[in-house]
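> Sharing a structure, written as structure tokens. Questions coming.
We did not get these values from a lab; they are worked out from the coordinates using the rules stated. Treat the numbers as computed from the prediction; the structure is a model and nothing was measured. Please note: Cβ atoms are built from the backbone with ideal geometry, for glycine as well, and neighbour counts cover all protein chains shown.
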Amino acid sequence: MKKILIVLILLCCSIGIWAQQSVVSLDLINTGKDTLTLTYDPLFLGAKAQKGFFVAASGISDAFQFGIAEEGIVDVSFRGKTFHIYLERGNQIKIKIDGKNWTKALQMEGSLSAENMFLQQFNEKFADSFNTAKVFEQMKDIPIDSWEMALFDAKKAQSDFYKKTPNLERFSPKFKQYIENQIRWNYWNYLLAYPIVKGNTNTALTKVMALPNTLITDLDTKKLQDEALLSDSYRSFLSYYVTYFNSKAHDYEKYKDQSKSMTDKHNFAREHLPLLSYQYYLAYLLYNNCDKVLPSVARNTFAALSVSSTADAWSKIIKEKCGAVLGSKDVEISKVLEAKDGSFRAVNLKGDSISLSSLKGKILYIDFWATWCKPCIEEFPYSKKLMQAIPNKFKKDIEFLYISVDETEGLWKRGVEKHGLQDGLNLFSQGGWFSDAAKRFKLQAIPRYLIINKKGEILYENAKRPSDPRTLGELIQLLEEK
């Protein structure tokens with residue numbers, strides 16, 4: 001058997017502890033020549049995630065090393081499916097993949113193999129309960145009491161499945177803590193998300209909905225612990241926890257000023273989160289919003305993040321992402337923040353900030369969408385046909401933009417890949433209905449389409465959908481104009 005060694009050494013980690021190598025070995029049969037990807041993101045921001053790509057072929061065994069400080073999650077993606085591998089410092093695990101029916105024939109040996117087999121079963125059984133897009137879709141037309149009951153039932157089903165697992169007592173204590181955190185914080189995450197998502201959806205509302213006290217009295221804030229950061233449910237919960245309870249402290253008023261919003265959230269997080277959770281939250285807040293606030297506010301938040309050496313890795317990422325803002329004066333940025341449609345900015349797939357004004361001279365057909373929006377997704381095939389139907393002589397004069405208003409960058413990027421939107425220019429305006437895009441273009445609902453002419457002027461605020469047969473003719477007519 002041919003053997004290839006591929007090493008990904010990740011010595012940086014978010015909690016400042018020296019990493020020890022863990023090894024994931026893969027045995028592959030009947031795989032053909034399909035690309036397999038391993039991803040490890042120790043900072044939980046989707047930035048600088050370490051990836052290993054290779055083309056799998058039958059009879060090949062590959063070994064990957066990951067620097068794990070205490071524990072970590074490695075994602076393995078193959079043939080459109082992703083599964084998670086739980087690792088602790090110094091672990092060695094072998095995964096056998098049979099390409100004929102790999103999701104059913106998956107086998108594991110070595111350290112934590114029993115735990116990881118359980119993890120695959122748990123994630124497969126409760127996939128919909130942890131899928132944000134599906135959960136938000138279910139949330140749309142359900143009252144809060146019914147929503148809480150549904151979340152409670154889901155939590156009970158997850159707990160029962162976990163507690164009835166054979167040989168549970170033999171599982172690693174840290175792994176059990178990880179699963180218990182996933183279950184506990186998934187419930188609270190989507191309960192606190194309810195008023196925020198509802199408020200973002202209805203921009204006519206000036207206040208965030210207040211949850212009944214009976215629903216939140218059982219939230220034990222003593223269980224907010226840094227050890228839970230590995231859980232993506234906990235990390236998502238932190239954002240909604242700060243957003244909701246900070247809103248409560250300010251009489252549930254919606255923010256019109258993003259700089260004020262960041263300042264208040266920062267102050268709330270400082271008072272209510274444990275150290276590493278607080279530092280992660282500040283990194284998350286800056287990574288997704290530094291270009292939407294005044295430099296002085298971004299600098300104050302960054303100073304609080306970088307005061308401790310335990311946040312060095314996060315600070316480095318934020319410097320790379322937000323360096324231009326951190327080094328600017330308020331007066332310079334305020335012009336951009338207050339500018340109208342032509343200076344609207346959003347982030348592309350490479351993490352670069354792109355302004356619509358930089359595309360002046362082209363016709364822009366803009367599609368506002370999100371991964372949870374089914375009607376948006378149903379239009380994508382027509383969008384692709386529309387692009388292909390533009391005559392070659394005009395292709396250089398038109399840009400098709402997909403602007404996502406998803407809650408997180410991770411959801412957006414996965415949506416772009418899943419729906420094959422790479423042919424257009426993909427931009428991300430983080431924050432859902434609080435996003436810059438939603439405010440600048442007064443989004444009340446999506447999908448929403450907009451056409452901007454070569455002068456940078458908005459011609460149609462509610463343009464026809466790609467599926468409308470008249471859309472192509474209108475675009476060509478604009479392209480023919482001198």
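> Sorted from largest down, give the three principal axis spans of the alpha carbons of segment 360-482, whole angstrom values.
Taking max minus min along each principal axis of the Cα atoms, segment 360-482 gives 39, 27, 22 Å.
> A follow-up question, please. Quick check on segment 190-288: what are the equivalent-ellipsoid semi-axes from the Cα gyration tensor, as sqrt(5λ), descending, whole Å?
Equivalent ellipsoid semi-axes, largest first: 21, 17, 12 Å.
> Ordered by residue, what ³J(HN,Hα) values in Hz, to whole numbers, does segment 77-92 give under the Karplus form 6.51 cos²θ - 1.76 cosθ + 1.60, where θ = phi - 60° and Gly and Pro are x?
After applying 6.51 cos²θ - 1.76 cosθ + 1.60, I find 10, 7, 6, x, 10, 10, 10, 9, 10, 8, 10, 10, 3, x, 5, 10 Hz.
> If one puts a single equal scatterer on every Cα of segment 337-430 and applies the Debye formula without solvent, what log₁₀ I(q)/I(0) results at q = 0.15, 0.17, 0.20 Å⁻¹?
Once normalised to I(0) and log-transformed, intensities are -0.59, -0.76, -1.03.
> Calculated from DSSP H runs of 4 or more alone, at -39500 (n - 2.57) each and per residue, what is the 222 nm mean residue ellipticity of the chain, nearest 500?
-13500 deg cm²/dmol
> Apply 1/(1 + (r/R0)^6) to the Cβ-Cβ distance of ALA249 and ASN101, taking R0 = 45 Å, and write down the FRET efficiency to the nearest 0.05.
The value I calculate is 0.30.
> Further question on the same structure: Angle, helix 113-125 long axis vs. longest principal axis of the chain, Cα atoms, 0 to 90°, nearest 10?
40
> Considering only DSSP beta bridges where both residues belong to segment 341-482, give the percentage that are antiparallel (nearest 5).
50
> Against the longest alpha carbon principal axis of the chain, how many degrees, from 0 to 90 and to the nearest 10, is the axis of helix 275-289 turned?
So the helix axis and the longest Cα principal axis differ by about 30 degrees.
> Before anything else, pin down the relative contact order of the chain: Cα pairs under 8 Å, at least 6 apart, normalised by residue count, whole percent.
11
> Could you list, bin by bin from short to long, the percent of Cα-Cα pairs of the chain in 10 Å steps?
Spelled out bin by bin, the chain gives 4, 18, 27, 27, 18, 7, 1, 0 percent.
> Also, I was wondering about something else. Could you give the semi-axes, largest first, of the ellipsoid that matches segment 255-338, computed as the square roots of 5 times the alpha carbon gyration tensor eigenvalues and rounded to whole Å?
The equivalent ellipsoid of segment 255-338 has semi-axes of 21, 15, 9 Å.
> Where does the longest stretch of the chain lie that holds no GluC sites (Glu not before Pro) found in a DSSP loop with 15 or fewer other Cβ atoms within 10 Å?
Of all site-free stretches, the longest is 71-456.
> Please find the FRET efficiency linking MET117 to GLU480, where r is the Cβ-Cβ separation and R0 is fixed at 51 Å, and quote it to the nearest 0.05.
E between MET117 and GLU480, to the nearest 0.05, is 0.25.
> Sticking with this structure for a sec: Could you tell me which of rounded, prolate or oblate describes segment 419-482, using a ≥ b ≥ c as the square roots of the eigenvalues of the alpha-carbon gyration tensor, with rounded for a/c under 1.5 and, failing that, prolate when a/b is larger than b/c and oblate otherwise?
prolate
> Follow-up. Near LYS350, which lysines are there with a Cα under 19 Å away, not counting those fewer than 8 places off in the same chain?
Partners found: LYS48, LYS51, LYS292, LYS316, LYS319, LYS321, LYS413, LYS418.
> Of the beta bridges DSSP finds with both residues in the chain, what % are antiparallel, to the nearest 5?
Beta bridges within the chain, antiparallel portion: roughly 65 percent.
> Using only the Cα atoms of segment 127-274, each taken as one equal point scatterer with no solvent, compute I(q) by the Debye sum, divide by I(0), and report log10 of the ratio at q = 0.14, 0.17 Å⁻¹.
One equal scatterer on each Cα of segment 127-274 leads to -0.73, -1.04.
> Output ³J(HN,Hα) for segment 417-427: one whole-Hz value per residue in order, computed from phi by the Karplus curve 6.51 cos²θ - 1.76 cosθ + 1.60 with θ = phi - 60°, and x for Gly and Pro.
Rounded to whole hertz, the list is 5, 4, 9, x, 9, 5, 6, x, 8, 9, 10.
> Give the order of MET139, MET387 when sorted by the count of other beta carbons within 10 angstrom, beginning with the fewest.
MET387, MET139
> A further question on this structure: Starting from segment 143-241, pick out the trypsin sites (Lys or Arg not before Pro) whose DSSP state is loop and whose Cβ has at most 10 other Cβ atoms within 10 Å.
Sites meeting the loop and neighbour criteria: LYS164.
> Going by alpha carbons, how many degrees (0 to 90, nearest 10) lie between the helix axis of 258-272 and the longest principal axis of the chain?
20
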